[in-house]
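See below for the structure under consideration.
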Amino acid sequence: SLYVASKTYDGTVEEDYYRRSLAYFKDRQDAEAGNSAWPLVSSINGERVLLDISPKPVRAMHELVFTVEIPGEPLPGTPWIEIAMPGMTMPPNRVDLSADGNGRYRGKGMVVRCPSGMRSWTASVHVPGKGKALFPFDAAD
């Protein structure tokens, strides 16, 4: 048997195309995660509850500021947030909030980076005497 090999240039494949494609898709995911309609809106028994998370895009393993707005009557207690990944069993991740005036509450917290690569989260805002509001969101990384 006789084998002949030849090296030719294929102009359609760029150098480092794998790294370039990874960077392209990461930038795209970051942009999509940052373009959610903020603040997020949910309700408890027909009453509107708003959640904002900053800075944007929301990134895993970075300190985040959670702002909850609950218009209406003063609450009997202070709301708090539980952050979880849908379908995953995780240790509790609670964000304690403090009153900021006019039905607004703020607290600092973090979302972790999931080894599976999942980026979808749910923030459950627990409101004393009313129930809880669910807010799905995505982290950029």
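Just so you know, all these numbers are worked out from the coordinates, no wet-lab data involved. The model shown is predicted, which means the values in this text are computed figures rather than measured ones. Methodologically, a virtual Cβ is constructed for each residue, glycine included, from the backbone with ideal geometry; neighbour enumeration extends over all protein chains shown.
Could you compute the net charge surrounding residue 114? Neighbours are other residues with a C-beta less than 15 Å from the C-beta of residue 114; K and R count +1, D and E count -1. Write out the running numbers ahead of the final one.
Values: positive: 59, 113, 119; negative: 138, 141.
Net of charged neighbours comes to +1.
Per residue, how big is the convex hull around the C-alpha atoms of the range 37-100? Give it to me in cubic angstrom, could you?
Working: hull volume 8.6 nm³, N = 64.
Given the Cα convex hull of the range 37-100, per-residue volume reads 135 Å³.
Relative to 2.2 N^0.38 Å, what does the C-alpha radius of gyration of the range 84-141 come to as a ratio? Two decimals please.
Output field value: 1.26.
What is the calculated FRET efficiency for residue 78 to residue 110, with r their C-beta to C-beta distance and R₀ = 25 Å, to the nearest 0.05?
The calculated FRET efficiency here is 0.80.
Residue separation times 0.36 nm, minus the C-alpha to C-alpha distance between residue 132 and residue 96: what's the value?
Between residue 132 and residue 96, full extension yields an extra 11.5 nm.
Just flag the GluC sites (Glu not before Pro) in the range 48-88 sitting in loop per DSSP whose Cβ has no more than 10 other Cβ atoms within 10 Å.
Loop-located and lightly packed - 63.
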